[in-house]
Structures are given as C-alpha cells and as structure tokens.
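In what follows, a structure is listed as structure tokens, so that the remarks can point back to it.
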Protein chains: 2
Amino acid sequence: MKNITEKQQKIFEFIKDYGLRTGYPPTIKEIMDYFSFSSPTAVISHLNALEKKGYIKREKKKSRGITLNEVFLNIPIIGTIPAGVPKIEEENFEGFISVNKDFLGKGQFFSLTVKGDSMKQAGIFDGDYVIVEKNLEIKNGDIVVCFYDGEYTVKYFYKKKNFIELKPANPSYKSIIIKENPLIIGKVVGLFRKIK
Amino acid sequence: MKNITEKQQKIFEFIKDYGLRTGYPPTIKEIMDYFSFSSPTAVISHLNALEKKGYIKREKKKSRGITLNEVFLNIPIIGTIPAGVPKIEEENFEGFISVNKDFLGKGQFFSLTVKGDSMKQAGIFDGDYVIVEKNLEIKNGDIVVCFYDGEYTVKYFYKKKNFIELKPANPSYKSIIIKENPLIIGKVVGLFRKIK
DNA sequence: TTTCATACTGTAAATAATTATACTATAAAT
DNA sequence: ATTTATAGTATAATTATTTACAGTATGAAA
C-alpha cells in the first residue's frame with residue numbers, strides 16, 4: 001500500500017480505535033470534532049486520500065460508511081469434518097478465529113480440529129485447531145491437510161519419484177504411501193490451541 | 001444470557017453478518033427492508049428486546065449505533081517484553097489476535113512471543129504466541145508466565161511445601177526453584193502459531 | 001511555471017436515519 | 001382476569017449525517 005501522510009495516519013488510527021471501542025466506524029462530523037476541524041470537507045478530503053491509497057473503502061451517502069481495508073481476517077472454524085465427505089462446506093461452522101491481516105497475509109483460510117497425536121512431535125496436538133490455507137503451492141516438508149481413505153489427515157508432505165509420502169511426525173505411526181494424485185485440501189500455516 | 005425468540009435470533013444474526021460483511025452495523029431501515037417490515041418501529045421493538053436481554057448495546061440517536069455484545073475478544077499481542085521490565089505496558093503492542101468470546105470466555109488476556117525451546121515437549125515452540133489470562137487461580141501443573149531474574153519465562157507451575165518449582169517441559173533444562181513469592185503474570189490458556 | 005496533492009475554512013442543501021405517537025393483535029404468565 | 005412480552009402497521013417530526021459548492025494557501029514534482 002502507498003505511503004500516507006502523518007495526518008492521514010492519525011485519522012486512520014482514530015477510525016481504527018473508534019471501531020474497536022464501539023463496534024462501528026465514526027461519522028465525518030465525529031472525526032471533524034476530534035481533530036477540531038471547522039469543516040467536514042477537511043475530513044472528506046482526508047478520507048478520499050485514504051480511499052485512493054487503499055486504506056479504507058467508503059460507501060457513498062451511507063452514514064458511517066467507512067470500512068477499514070486492514071484489520072481482521074476472519075478464519076471460519078469448520079471443526080470436525082465427517083469422514084467420507086470430501087467437500088468442506090460451511091455447515092459444520094463453529095465460529096471464527098480472527099487475526100490481523102498482516103499476520104497471515106492474503107489468502108483463503110479455514111480451521112479444522114486435529115484428531116489424534118500423529119503430529120505430536122511437530123507440536124500439533126490432539127484437539128488443536130490447525131489453520132489451513134487453500135490454493136498454495138505445496139513443497140516437500142510442508143504440513144498439509146489431505147483427504148485420504150475417507151478421512152482428513154494432517155501430515156508432512158513428501159513427493160518422491162514414483163509416489164507421494166504422507167509422513168506423520170510421530171515415529172509410532174507409519175507413513176501413508178500414495179501412488180495416485182492425492183486430494184490435498186491445503187497447507188497448514190497456523191495453529192490455535194486452547195489450554196485448560 | 002437470556003433466551004431470545006426466533007425472530008430476535010434472526011435479527012441478531014443479520015446484524016452480525018452485516019457487520020462481518022461491511023465493517024459496520026446496519027441501520028434500522030436496512031433491517032426493516034431486509035425483513036420486509038413496513039415500519040421501523042417493528043425493528044426498534046426487536047432491538048429493545050435484544051438490548052434488554054444483553055445481546056446488543058445501543059447508542060441512542062446515533063446512526064448505526066448498535067454494538068454486538070458477543071462476537072470478538074481482541075487479545076493484544078505484546079510481543080517481546082524487554083528483560084528487566086516487570087510491568088506489561090501496551091507499548092510493545094504488535095497487533096491483535098481476535099477470537100470469538102465463547103472460545104476463551106471472559107477475562108483479561110494478552111499474548112506474548114515465546115523464546116527458546118524449554119517448553120517444546122508441551123507443544124510450545126520457539127516463536128509461538130502464548131495467550132495469557134491474568135488474575136486466574138494457579139493450580140499445580142498449570143503453565144504460567146512468570147517474571148524471574150529480570151526475564152519473562154513460560155514454565156509449568158508446582159507449589160511444594162517450602163518452595164515453588166518452575167519446571168520446563170524439556171528435560172534438557174533445569175527447574176527453577178523459588179523460595180520467595182514469585183511474580184506470576186498469568187496462566188497460559190492458549191497458543192497461536194504461524195507455520196512457514 | 002504550471003500542475004497536482006495536501007490541508008484546510010465556511011455555508012447551505014439534501015438525504016439518511018432515528019424517534020415519537022397512536023394504534024391493533026396474539027399468546028403466555030400471574 | 002389482568003398484566004406483560006411479542007410482533008407488528010402507519011405516519012410525522014426531528015435530528016444526524018453526508019454532500020456540494022466556492023474559496024484560500026502551501027510545498028513538491030514535472
């Protein structure tokens with residue numbers, strides 16, 4: 001995103017804080033009052049600049065019609081997916097984990113509950129929520145979510161000459177060897193855990 | 001929170017979805033149009049019911065002045081705290097992790113970066129963000145953040161007869177034994193990790 | 001030297017949005 | 001039997017909020 005001036009930065013911060021505090025963005029007049037401008041036009045020109053530079057979006061003629069382009073990325077928690085159902089629908093939806101956009105970057109994310117301890121040594125425990133990014137290039141050594149034999153599984157991915165190895169981090173489990181193209185749902189890019 | 005009727009639930013959901021989509025709550029008229037009411041008073045009575053039951057807050061006379069009482073809990077990421085500074089100020093603030101309130105419950109939370117691998121066997125890795133809850137009762141076996149010897153440390157907590165043991169999960173490290181009252185910052189109740 | 005972005009003042013008009021008042025009707029609870 | 005909560009219609013008044021227009025001034029870039 002383009003550089004913004006100091007004043008624009010301050011106005012952006014004000015909108016952000018106001019939203020965090022109240023749950024909705026400020027009006028033009030509220031911004032005007034906060035910065036002691038004597039005309040709403042002063043605010044409008046700053047908002048136009050911020051919109052032009054990609055920091056906010058504005059709905060014309062709507063009150064408080066300011067959307068911050070930054071802030072949160074909402075990751076839906078799909079929870080457990082029934083075995084045998086290769087499609088991820090937003091039906092088993094359990095809520096959201098939400099992180100600052102600059103935390104994970106742009107992309108399509110969702111979150112799943114991990115079952116079992118086959119990835120324990122990679123720090124992925126039973127009951128953890130893995131954050132999965134779709135449509136990412138998978139490289140050897142990446143942790144992936146794969147649909148195999150009617151179930152979802154989280155494993156290390158290794159592409160060998162004649163097969164693909166889905167390797168658990170836990171040495172007590174065996175690797176899965178696949179010769180056909182496996183159904184990779186996405187790459188594990190994050191983790192969320194609740195600790196009792 | 002008190003039970004709400006089906007209609008109230010639907011209106012609450014609409015406000016929630018609208019907010020997720022746009023970044024700001026709907027106006028009374030927008031709700032009215034969506035539900036094909038022919039009077040704003042119909043909406044107002046539902047909003048009054050929702051407010052009375054504790055689901056929303058409303059700022060009178062403000063446009064879009066609806067705040068959802070549910071939804072997100074913003075956990076500030078304090079990142080690294082300089083060693084030797086026992087007070088956690090929101091100055092090293094790096095952003096937010098935000099989760100649904102029903103995920104972690106009520107309380108005061110913040111998030112810190114973990115340094116080192118002394119808790120590796122507990123699934124807490126170098127670079128992880130631990131979510132810390134303040135003012136919780138600490139029991140033996142809990143993972144805590146403690147200020148000791150000018151630094152912050154994440155360890156298992158064990159209160160023995162004459163001393164307190166701060167035990168690492170990694171057997172390569174030694175326990176810290178404290179005889180005076182240690183400065184417990186809070187209990188580790190969650191974890192967030194970015195995986196490259 | 002002309003253009004462009006920034007950074008405003010000041011006022012009026014237009015429209016968006018909330019509230020207020022006066023009603024009707026139904027089902028559940030005391 | 002009466003109160004209370006729910007679930008509405010319909011209209012008008014009021015206030016909140018945005019936009020539009022006409023300006024001024026400054027510094028940087030082409």
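The values are calculated or read from the model by the stated rules, or taken from the named source; none is laboratory data. None of the values given here were measured: they were computed from a predicted structure. Cβ placement follows ideal geometry from the backbone for every residue including glycine, while neighbour counts extend to all protein chains displayed.
Restricting the range A:54-66 to residues that are buried (at least 18 other Cβ atoms within 10 Å of the Cβ) and assigned to a strand (DSSP E or B) leaves a set whose member that is nearest to DNA strand C (Cβ to nearest atom) is A:Ile66. In this structure, A:Gly186 does satisfy being touching an Asp or Glu at 6+ places or on another chain (Cβ under 6 Å) and touching a residue at least 40 places away in the same chain (Cβ under 8 Å).
Only strands (runs of 3 or more DSSP E) whose full extent lies in the range B:92-147 are considered here, and the ones with at least 2 residues that are surrounded by 15 or more Cβ atoms within 10 Å (Cβ to Cβ) and within 10 Å of chain A (Cβ to nearest Cβ) are B:95-100, B:129-133. Hey, among the residues in the range B:20-42 that are in contact with a Lys or Arg (Cβ under 8 Å, 6 or more places away or on another chain) and within 11 Å of DNA strand C (Cβ to nearest atom), which one's farthest from A:Glu59 (Cα to Cα)? Going through the qualifying residues, I end up with B:Pro40. Scanning the range B:134-172 for residues that are in contact (Cβ under 8 Å) with a residue 40 or more places away in the chain and acidic (Asp, Glu) turns up B:Asp142, B:Glu151. Inside the range B:12-45, residues that are surrounded by 17 or more Cβ atoms within 10 Å (Cβ to Cβ), in contact with a Phe, Trp or Tyr (Cβ under 7 Å, 6 or more places away or on another chain) and not hydroxyl-bearing (Ser, Thr, Tyr) make up a count of 5.
Residues to consider are A:Phe125, A:Phe109, A:Phe147, A:Phe163; find the one that is out of contact with any Phe, Trp or Tyr (no Cβ under 9 Å at 6 or more places or on another chain) and under 20 Å from B:Phe125 (Cβ atoms). Just a single option satisfies the conditions, and that option is A:Phe125.
The residue that is farthest from the other protein chains (Cβ to nearest Cβ), counting only those in the range A:33-43 that are touching a helix residue (DSSP H, G or I) at 6+ places or on another chain (Cβ under 8 Å) and within 8 Å of DNA strand D (Cβ to nearest atom), is A:Ser39. When the range A:20-32 is filtered for residues that are within 13 Å of another protein chain (Cβ to nearest Cβ), in a helix (DSSP H, G or I) and within 13 Å of DNA strand D (Cβ to nearest atom), the ones remaining, listed by number, are A:Thr22, A:Ile28, A:Lys29, A:Glu30. When B:Arg58 is tested against (1) farther than 27 Å from A:Lys61 by Cα; (2) touching a helix residue (DSSP H, G or I) at 6+ places or on another chain (Cβ under 6 Å); (3) more than 10 Å from DNA strand D (Cβ to nearest atom), only condition (1) is not met. Of all residues in the range A:163-181, those satisfying the criterion of being of a type in the set (D, E, K, R) and surrounded by 15 or more Cβ atoms within 10 Å (Cβ to Cβ) are A:Glu165, A:Lys167. Within the range B:170-196, being over 14 Å from B:Tyr152 (Cβ atoms) and part of a loop (DSSP other than H, G, I, E, B) holds for B:Asn170, B:Pro171, B:Ser172, B:Tyr173, B:Lys174, B:Ser175, B:Lys179, B:Glu180, B:Asn181, B:Ile195, B:Lys196.
Here is a list: B:Asn48, B:Asn3. Which entry is within 16 Å of DNA strand D (Cβ to nearest atom) and at pLDDT below 90? Even if it seems obvious, please write down each step before you answer.
Details: B:Asn48 fails: at pLDDT below 90.
Unique residue meeting the criteria: B:Asn3.
In the range B:183-196, the qualifying residues are those that are more than 7 Å from every other protein chain (Cβ to nearest Cβ) and crowded, with 20+ Cβ neighbours inside 10 Å, and the one that is modelled with the lowest pLDDT is B:Ile185.
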